[in-house]
Amino acid sequence: MTDTTQLATKAPRPISEQQQAVTALAAMIQTFASLPDAHITVHTPFRSTPARLDLQLSTPQEFEAWREALQISPDMVSLHATVSYAWLAADTRFSGVKVHVAGFGVALTPEDAVAERTIVAPAVTA
């Protein structure tokens with residue numbers, strides 16, 4: 001049996017490291033109060049990267065509303081597809097915080113689902 005009291009543990013990171021992302025989220029809510037709600041995740045900083053936000057939307061229409069509000073160019077949107085579902089995704093910054101936006105519920109024909117795609121790694125602007 002393993003003695004868990006002897007396992008090396010790292011000190012927990014303080015929640016204050018997420019403050020910039022939470023402040024940006026509060027500003028987004030105030031700025032875009034009428035936009036569709038989203039499943040929102042505030043990611044803890046990882047290694048040398050700061051905290052970030054993920055917004056997951058239920059439909060392509062909700063994604064489009066957020067894309068326009070955040071001024072994300074259509075060229076920066078990527079389509080992701082698996083055998084069972086597809087989604088749109090884009091990255092941007094808001095108030096200096098990286099924001100990943102994903103919109104699910106994309107309907108693809110069987111041909112579209114297996115079509116070859118070019119993978120583009122969009123640059124995130126400050």
Original post:
Just a yes or no: is a residue in segment 68-88 over 16 Å from the mean Cα position of the chain (by Cα), assigned to a helix (DSSP H, G or I), loosely packed, with under 15 Cβ neighbours inside 10 Å and among the small types (Gly, Ala, Ser)?
Top reply: no
**OP:** Kindly indicate whether any position in segment 31-40 is over 30 Å from LEU108 (Cα atoms), touching a residue at least 12 places away in the same chain (Cβ under 8 Å) and surrounded by 15 or more Cβ atoms within 10 Å (Cβ to Cβ).
**Re:** no
Subject >> Those residues of segment 1-19 which are at pLDDT below 75 and in a helix (DSSP H, G or I), in sequence order >> reply: THR4, THR5, GLN6
Subject >> Candidate set: segment 35-67, residues that are touching a helix residue (DSSP H, G or I) at 6+ places or on another chain (Cβ under 9 Å), part of a loop (DSSP other than H, G, I, E, B) and farther than 16 Å from SER95 by Cα; chosen: the one modelled with the lowest pLDDT >> reply: PRO45
Original post:
Which members of segment 89-103 meet the condition of being surrounded by 18 or more Cβ atoms within 10 Å (Cβ to Cβ), in contact with an Asp or Glu (Cβ under 9 Å, 6 or more places away or on another chain) and not small (Gly, Ala, Ser)?
Top reply: LYS98, VAL99, VAL101
Original post:
Quick one: is VAL22 modelled with pLDDT of 90 or more and part of a strand (DSSP E or B)?
Top reply: no
Original post:
Name the pairs whose Cβ atoms lie under 7 Å apart, with the first residue in segment 105-122 and among the charged types (D, E, K, R), the second at pLDDT 60 or above and surrounded by 10 or more Cβ atoms within 10 Å (Cβ to Cβ), and 6 or more positions between them or separate chains?
Top reply: ARG117/LEU79
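The values are calculated or read from the model by the stated rules, or taken from the named source; none is laboratory data. Keep in mind that this is a model prediction, so the values were computed, not measured. Here the Cβ is made from the backbone with ideal geometry for all residues, glycine too, and neighbour counts use every protein chain on show.
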